[in-house]
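Below is one structure, written out as structure tokens; the observations come after it.
The values are calculated or read from the model by the stated rules, or taken from the named source; none is laboratory data. Everything numeric in this text was worked out from a predicted model, so none of it was measured. A quick note on method: Cβ atoms are made from the backbone with ideal geometry, for glycine too, and the neighbour counts reach across all protein chains shown. The area values use the complete protein model at the heavy-atom level, side chains included, leaving out ligands, DNA and RNA. Shrake-Rupley method; radii C 1.70, N 1.55, O 1.52, S 1.80 Å.
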Amino acid sequence: KECRDAGFPMLEEYDFRNDHMTPNLDINLRPFAQIRSYQEKSLSKMFGNGRGRSGIIVLPCGAGKTLVGITAAQTIAKSTLVFCTTAVAVEQWKKQFEFWTTVNDGRENRVFMFTADHRQRWDTTKPVIVITTYNQVGYGGSR
């Protein structure tokens, strides 16, 4: 409700291929990144009709949910906000983005962490990936 009231409606589908207002992020999966059939099934449900759909990916431990999320970010190729449950998970996601993709190859940093210990600044006019925790964004007190 707060997003809608602030003029940022939450969309159930995102037509990322026809979004020419948001800059594209230069990101590709590395050649050794192999998506398994059940991961591909999750991604196909997420990207039905050529649009990104909201939802929750449910896979067992060790099934590659992080790679599915990274592949989703690579498919959309726009700025991405990743929410994690802990600061340790934020660091793991950053390492995984750098391992599985070309997002930081030979260019300025495009993957940023936003936690209590890592408050990196980024150019808001350029596409980036920001990884943070639910608590960091939802905290209502002073910092």
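Within segment 66-104, which residues are hydrophobic (A, V, I, L, M, F, W, C), part of a helix (DSSP H, G or I) and open to solvent by less than 30 Å² (accessible area, probe 1.4 Å)? Lay out the reasoning, then the answer.
First, pick out the residues of segment 66-104 that are hydrophobic (A, V, I, L, M, F, W, C): 67-68, 70, 72-73, 76-77, 81-84, 87-90, 93, 97, 99-100, 103.
If we keep only those that are part of a helix (DSSP H, G or I) as well, we get 67-68, 70, 72-73, 76, 87-90, 93, 97, 99-100.
Answer for segment 66-104, where residues must be hydrophobic (A, V, I, L, M, F, W, C), part of a helix (DSSP H, G or I) and open to solvent by less than 30 Å² (accessible area, probe 1.4 Å): LEU67, VAL68, ILE70, ALA72, ALA73, ALA89, VAL90, PHE97.
For segment 105-121, give me each residue that is closer than 23 Å to THR22 by Cβ and open to solvent by 30 Å² or more (accessible area, probe 1.4 Å). It would help to see each step written out before you state the result.
The initial filter retains those residues of segment 105-121 that are closer than 23 Å to THR22 by Cβ, namely 105, 107-114, 120-121.
Result: ASP105, ARG107, GLU108, ASN109, ARG110, PHE114, GLN120, ARG121.
When segment 108-131 is examined, which residues are found to be in a strand (DSSP E or B) and among the aliphatic types (A, V, I, L, M)? Spell out the reasoning first.
First pass over segment 108-131, keeping only residues in a strand (DSSP E or B): 111-114, 119, 129-131.
Answer for segment 108-131, where residues must be in a strand (DSSP E or B) and among the aliphatic types (A, V, I, L, M): VAL111, MET113, ILE129, VAL130, ILE131.
Which ones in segment 127-143 are open to solvent by less than 70 Å² (accessible area, probe 1.4 Å) and either farther than 16 Å from TRP93 by Cα or modelled with pLDDT under 90 (or both)? Please lay out each step first, then the result.
Just the residues of segment 127-143 that are open to solvent by less than 70 Å² (accessible area, probe 1.4 Å), to begin with: 127-133, 136, 138, 141.
PRO127, GLN136, GLY138, GLY141, listed by residue number.
So which residues in segment 31-45 are part of a helix (DSSP H, G or I) and open to solvent by less than 40 Å² (accessible area, probe 1.4 Å), if there are any at all?
First, pick out the residues of segment 31-45 that are part of a helix (DSSP H, G or I): 37-45.
If the condition is that a residue be part of a helix (DSSP H, G or I) and open to solvent by less than 40 Å² (accessible area, probe 1.4 Å), then GLN39, SER42, LEU43 are the ones that fit.
Taking ILE27, is it in a loop (DSSP other than H, G, I, E, B), of a type outside the set (Gly, Ala, Ser) and crowded, with 18+ Cβ neighbours inside 10 Å? First the steps, then the outcome.
Details: in a loop (DSSP other than H, G, I, E, B): yes; of a type outside the set (Gly, Ala, Ser): yes; crowded, with 18+ Cβ neighbours inside 10 Å: yes.
So ILE27 passes the test.
Every residue in segment 46-65 that is out of contact with any strand residue (DSSP E or B) (no Cβ under 9 Å at 6 or more places or on another chain), of a type in the set (Gly, Ala, Ser) and either modelled with pLDDT under 90 or not in a loop (DSSP other than H, G, I, E, B) (or both), please. Show your work before the answer.
Pass one, segment 46-65, residues out of contact with any strand residue (DSSP E or B) (no Cβ under 9 Å at 6 or more places or on another chain): 50, 55-65.
Cutting the leftovers down to of a type in the set (Gly, Ala, Ser) gives us 50, 55, 62-64.
GLY50, GLY55, listed by residue number.
Test each condition in (1) free of Cβ contacts under 8 Å to residues at least 40 places away in the same chain; (2) over 20 Å from PHE32 (Cα atoms) for VAL68 and report the one that comes out false.
Just one mismatch for VAL68, condition (2).
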